[in-house]
Amino acid sequence: MSDRLCRLIIMCMSVHLCFATLEELETRMESKFHHLERLVEKQNERIQRQEEEILQLKNDIANNQKSDLQKEREITILKELISKLSSQCAGRNIGNNYAAGNNIAETEKYRRLLVGSIVPTEVPEPRTTAFYAYMSKTDASPGKGHTLKFDVIKTNINGGYNPFSGIFTVPVDGVYVFTFSLRLYSGVYGAYEIIKNAEVEGAAIGIIEGTSTQLQVTETIVFSANKGDIVYVRTHQHSCTQEVFGPMNMADLCSLDG
């Protein structure tokens, strides 16, 4: 009787510990989801500000083009006037040197005016680089060293991200911030890496035990990159990664190139 009572007590304690572990896991998962939502909100705010800056740059370029067009018209008028004055000077006879001298002086005045009016206009190049993309379907059993392809593009300023290859090509030298998020289904695990050229710059690992939960794996890194460098997300070279799915993003939030 005593042995049965002891076994019953031990079983009750084990069940209680399992429930406590599930509650703690749910609490941690909820906290991670809230953190991810805040992170996405901040990313959207930054992208919106960058799009406003790009719109302002486009307006400045349009205004500069209008100014250049006006200057070109003025230059054309001055050229026609100089040509007319030159023709008049050539047709003067020797006995009209005084009048010809005045015409030459006036021609020189317009020539100086023409040269002084040609001021090159510098058109600012867009410096903001940003992209946001996600997977449209589950990537089941991607295998080792597999490049993840986020095939749906929402933002791709400067056109650095290729949805077909999953590779971002750095358009200008600068400091970049990269973030990726992956949703893992219950009962799976996976390890992922952010690669620049052939070097691992960051990694994230997710493991789920059980059949009724999901896990959001997120990684954010900051590093310097040069024009022409390539950046992408892949599964770990030495681990078997199981089923992953979006929504997910890999976003270059800002370019601090100098």
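The values are calculated or read from the model by the stated rules, or taken from the named source; none is laboratory data. Given the structure is predicted, the values throughout are model-derived calculations rather than measurements. Positions of Cβ are backbone-derived with ideal geometry, glycine not excepted, and every protein chain shown enters the neighbour counts. Remember, those area values only see protein heavy atoms, side chains included, never the ligands or the DNA or RNA. Shrake-Rupley method; radii C 1.70, N 1.55, O 1.52, S 1.80 Å.
Being closer than 27 Å to L182 by Cβ and open to solvent by 100 Å² or more (accessible area, probe 1.4 Å) is true for just one of E51, E37. Which residue is that? Even if it seems obvious, please write down each step before you answer.
Details: E51 fails: open to solvent by 100 Å² or more (accessible area, probe 1.4 Å).
Residue meeting the stated conditions: E37.
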Are any of the residues in segment 13-25 over 30 Å from G206 (Cβ atoms), modelled with pLDDT under 85, open to solvent by less than 70 Å² (accessible area, probe 1.4 Å) and part of a helix (DSSP H, G or I)? no
